[in-house]
1. Starting from the exponent 0.38 and prefactor 2.2 Å, build the expected Rg for the stretch 294-418 from its residue count and divide its actual Cα Rg by it.
2. What is the percent of Cα-Cα separations in the stretch 327-380 that go past 19 Å?
3. Ratio of Rg to Rh for the stretch 498-540, alpha carbon only, Kirkwood?
4. Compute the acute angle (0 to 90°) between the alpha-carbon long axis of helix 8-30 and the principal axis of greatest extent of the alpha-carbon atoms of the chain; round to the nearest 10°.
5. Counting every Cα pair in the stretch 407-454, what percent are over 13 Å apart?
6. For a 28 Å ceiling on Cα separation, which of these pairs sit above it: K87/K167; K270/K356; K142/K448; K135/K324?
7. As a test of the formula, what do you get for the chain when each DSSP H run with n ≥ 4 contributes -39,500 (n - 2.57) and the sum is divided by the residue count, at 222 nm and rounded to the nearest 500 deg cm²/dmol?
8. List the trypsin sites (Lys or Arg not before Pro) within the stretch 261-343 that fall in a DSSP loop (any state other than H, G, I, E or B) and whose Cβ has at most 15 other Cβ atoms within 10 Å.
Amino acid sequence: MNKKNRFSPLWLALCVVIGILIGTFYANHFSGNRLSIINSGSNKLNNLLHIVDDQYVDSVDVNDLVEKAVPQILSELDPHSVYISAKDVQQANDDLRGSFSGVGIEFTIRQDTLHVQQVIGNGPAERAGLIAGDKIVMVDDKPFTGKTLTNEEAMHRLKGPKDTKVKLGVMRYGEKKVRDIVVTRGEIPTKSVTAVYMLDETTGYIRIKNFGENTYPELLIALAKLSQQDFQNLTIDLRGNTGGYLQSAVQIANEFLPKNRLIVYTQGRKSPRQEYRSDGRGSYQRIPLVVLIDEGSASASEILAGAIQDNDRGTIIGRRSFGKGLVQQPIEFNDRSMIRLTIARYYSPSGRCIQKHYTSGDNKNYEEDLLARYEHGEFFSQDSIKHEGKEYHTSIGRPVYGGGGITPDIFIAEDTTDVTSYYKQASMSGLIIQYAFEYTDQNRQKLKEFKTADELASYLVRQNTVDKFATYADKNGLKRRNLMIQRSHKLLERFINSRIIYNMMSEEAWMQYLNHDDPVVNETLKVFREKRSFPQSPKEQENAQKKVAQLRAFDYRSTHFKATFTACRS
């Protein structure tokens, strides 16, 4: 082989490389900067970010761009797949985790100043000497007032690692000088069972605010407390409970169901069917039970209510629940941010999915669903409820419906008889809450004398708080309307006085006051008195109606006979 032939492959390879380089050069400069992108969304997004970072006319913070883009992408899936930034993750988890590390106060921000509304009993703040009504104006020798003071900023400054210290500058009522109080931060429990007491001599009441890590043990403590008072019936209030951990709802349902009853099952495209069943170890499998729900009851609340209803274990009273039947899985990123991604749907024992209708990418209509229900009249009439899903049946054959929340067995309409435009403005503007706080602050020493919600409520009625509020509201932009105030007097008094009781006492005292004349609670007590908490099958209901009709017919014949006999005698 001669020298020329020996180098031919080398020259050929060199020509190919040069050709590729020339082709790449022309492709980049004369074909609109198109990149060779694999036809997949992820590569397209990555390359888009690279292009923007490399060629955009102004400098761009790509990380900030991603932070804004991720929520938009998730919003195209469903209303409950969400992104939580790293700075918001802890706050998002604290309520469900059962505790957080901080100083232990409830506060409100008014007129650019943080006011201590309540001090958690035996918490770090109480041990350090902080009291309700104090105003925190300095934190670690830095000003803590002004228009930049927000709830987020306050929590950021007051929360912190356990055993760390924070110096608070406090203005106390009646004092002119700022006093310094050093608080050592500690673990603050967040209660999900917020009220436990007896509605009457035989009926226990438990309010569950959400479903967190400690909800089940809290419930067991609540049941033990009621047992000491010999309760024979139980009311579980889930109104306004937006949900939480599925496992907590399952544990609570298990406490009331016989062995091997289906509580809930979940299923998704990549999530095989998973069933949750009762193990028969519950201590309250036969106690008469009523569960209260409304349009604010969602997710885990609907799991518990659905399990009780579909197993015909108790009676559901109230209004149709929210309708969230999607299961989210938390997935954390390296920067500590995370997403909650919908991976499955959950189904009640009868096989119905409670999730209400949504259109992917259209969160606006979904978010306004409760307003649409209100305007449609659903809060005021059971006949206005639209059942979107097909009919299912409970264990004894009662009809129930999917596709839009849990419909209660007994519907209680929202009472708007005495609602006026004045009452709406007063409540929705926040003026009632502002007034209640000011009244509490100015009368705290006197209000401390009352030990129960009933005692304090009786005192407040004598103080004519409605008239005082109307004067306050008039000075703050809400014109006094005497006729409307007179018509809505009971509603105004109830709202104002309940907030003062909340400020001075506890959430339990607040609920006791509100439940005193609540139509839903009154219906609950009636159900227990008439022994109707265990649902009847359609056949049993039919027989019961026949008996009632027969008794009425007999009563009519008896009355008619007596009237005829009396006429004959005369």
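1. Numbers: Rg = 15.9 Å, N = 125, 2.2 N^0.38 = 13.8 Å.
Relative to the 2.2 N^0.38 Å estimate, the stretch 294-418 comes out at 1.15.
2. Working: 785 of 1431 pairs.
Beyond 19 Å sits 55 percent of the P(r) for the stretch 327-380.
3. Numbers: Rg = 15.6 Å, Rh = 12.4 Å.
Using Cα coordinates only, the ratio equals 1.26.
4. Once rounded, the angle reads 50 degrees.
5. Working: 822 of 1128 pairs.
It works out to 73 percent of all Cα pairs.
6. Details: K87/K167 23 Å; K270/K356 21 Å; K142/K448 32 Å; K135/K324 40 Å.
Too far apart for the 28 Å limit: K142/K448; K135/K324.
7. Working: 22 runs with 246 residues, N = 570.
Using -39500 (n - 2.57) per qualifying helix, the result is -13000 deg cm²/dmol.
8. On the way: sites: R261, R269, K270, R273, R277, R281, R286, R313, R319, R320, K324, R336, R340; in loops: R261, R269, K270, R273, R281, R286, R313, R319, R320, K324, R336.
In loop regions of the stretch 261-343 (DSSP not H, G, I, E or B), the sparsely surrounded trypsin sites (Lys or Arg not before Pro) are R269, K270, R273, R281, R286, R336.
The values are calculated or read from the model by the stated rules, or taken from the named source; none is laboratory data. Predicted model, so just to flag it, every value in this text is computed and none were measured. For neighbour counting, all protein chains shown are included, and Cβ atoms are generated from backbone atoms with ideal geometry for every residue, glycine included. Ligands, DNA and RNA are stripped out before the accessible areas are found, and what is left, the full protein with its side chains, is counted by its heavy atoms. Shrake-Rupley method; radii C 1.70, N 1.55, O 1.52, S 1.80 Å.
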